[in-house]
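Written out below as structure tokens is the structure these notes cover.
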Amino acid sequence: QVQLVESGGGLVQAGGSLRLSCAASGTTFSINTMGWFRQAPGKQREVVAVVGSDDNTNYADSVKGRFTISRDYPKNTVVLQMNSLKPADTAVYYCYIRSIFAREYWGQGTQVTVSS
């Protein structure tokens, strides 16, 4: 089992920045992919950014050039740096992990609100 603890998020004006962090504990040796998803009211959960065990990253088109995902292997953390935030980025953000056994784990979610 893997447990996830998220931190960061909050309220920011458009154009501002926020940093989300997620720390994993438990059977961390099994972690393969780490990343972030988000879900806005009335919408489906969508991928924001993911990073594989080979450090290969993928971003949603809507956040490319504004968000950066990074991974700290010794600390088993994943960070999402969000710059140039827009009201459309308002959502609950969820930390995500996929293990080498294809199991998926989710954080509890953290609210990001961008005011115009």
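At most 10 other Cβ atoms within 10 Å and a DSSP loop assignment: could you name the chymotrypsin sites (Phe, Trp or Tyr not before Pro) in the stretch 47-102 that fit?
PHE101
Under a point-charge model restricted to the Cβ atoms of Lys and Arg (+1) and Asp and Glu (-1), what is the dipole moment magnitude of the chain relative to its Cα centre, in debye to the nearest 20?
On the way: 11 positive and 8 negative charges, 31 e Å.
Value, rounded to 20: 160 debye.
Each label point is 7 Å from the Cα along the Cα-to-Cβ direction; what then is the distance between the points at LEU11 and THR27, in nm?
Placing both labels 7 Å beyond Cα along the Cβ direction yields 4.2 nm.
Which percent of Cα-Cα pairs in the stretch 1-59 sits in each 5 Å bin, short to long?
Percent of Cα pairs in each bin: 4, 13, 18, 25, 22, 10, 5, 1.
Along the charge dipole of the stretch 1-107, which of ASN58, THR28, ALA91 sits closest to the positive end, that is, farthest toward it, with unit charges on the beta carbon of Lys, Arg, Asp and Glu (+1, +1, -1, -1)?
Of the candidates, ALA91 comes out farthest on the positive side.
P(r) for the chain, please, calculated from all Cα pair distances in 10 Å bins and given in %.
P(r) over the chain, rounded to whole percents: 15, 50, 28, 6, 0.
Subtracting the Cα-Cα distance from 0.36 nm times the residue separation, let me have the gained length for ALA40 to SER62 in nm, one decimal. Could the numbers behind the result be given before it?
Working: separation 22, 0.36 × 22 = 7.92 nm, distance 1.38 nm.
Length gained between ALA40 and SER62: 6.5 nm.
Since every read-out is calculated from the coordinates, none of them should be taken as a lab result. Fair warning: this is a prediction, and the values are worked out from it, not measured in the lab. Positions of Cβ are backbone-derived with ideal geometry, glycine not excepted, and every protein chain shown enters the neighbour counts.
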